[in-house]
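Just below is one structure, and these are the notes that go with it.
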Amino acid sequence: MAESTSHKRLKKDAAGNSGKIEKKLPSGKRLDAVTKKKATEIERSGSTKGLLKAAQRLKESRKKQKVLQVPQKDMGKAVQAMGNIGIPGTVKNLSGTKRRSVPKKKK
């Protein structure tokens, strides 16, 4: 399915001037936006399966900061998906006005 213009715009905003979009991962998957220290994945579908896949791609990126951007109504599901995968990071809404931290899992 073709990417929406809003998704393309969000990727460019996340990458900024020095970052890259559609960065290839070792597994052959692609990450939406990457800068020197931060990996950003945008998931607009809101499906649990899609959120888990996005969180898995962030885990594979091995960047220090991991950000998952989702529509505001899906922020709770996104936090849960990142927690299930076991990666700390940030969940932001698409406009960037709200954010929730996902702490590192305790052993």
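We did not get these values from a lab; they are worked out from the coordinates using the rules stated. Predicted model only: the values in this text are computed from it and were never measured. Cβ coordinates were reconstructed from backbone atoms using ideal geometry, including for glycine residues, and neighbour counts include every protein chain displayed.
Before moving on, here are some points about what is shown:
- Within segment 42-71, if we keep just the residues that are small (Gly, Ala, Ser) and touching a residue at least 24 places away in the same chain (Cβ under 8 Å), the residue that is farthest from Gly86 (Cα to Cα) turns out to be Gly46.
- Among the residues of segment 66-107, the ones that are under 20 Å from Ser27 (Cα atoms) and either small (Gly, Ala, Ser) or touching a Gly at 6+ places or on another chain (Cβ under 7 Å) (or both) come to 5 in all.
- Test: residue in segment 2-9 that is in contact with a helix residue (DSSP H, G or I) (Cβ under 9 Å, 6 or more places away or on another chain), more than 14 Å from Leu94 (Cα to Cα) and surrounded by 14 or more Cβ atoms within 10 Å (Cβ to Cβ): no
- Among residues of segment 96-107 that are in contact (Cβ under 8 Å) with a residue 24 or more places away in the chain and under 12 Å from Val79 (Cα atoms), those with a beta-carbon under 9 Å from a residue that is surrounded by 12 or more Cβ atoms within 10 Å (Cβ to Cβ) and among the polar types (S, T, N, Q) at least six positions away or on a different chain give the pairs Arg100/Thr90.
- Filter pass, Arg62 being at positive phi and either buried (at least 16 other Cβ atoms within 10 Å of the Cβ) or out of contact with any strand residue (DSSP E or B) (no Cβ under 6 Å at 6 or more places or on another chain) (or both): yes
- Residues of segment 15-41 classified as under 22 Å from Pro103 (Cβ atoms) and either among the polar types (S, T, N, Q) or touching a residue at least 40 places away in the same chain (Cβ under 8 Å) (or both), total: 1
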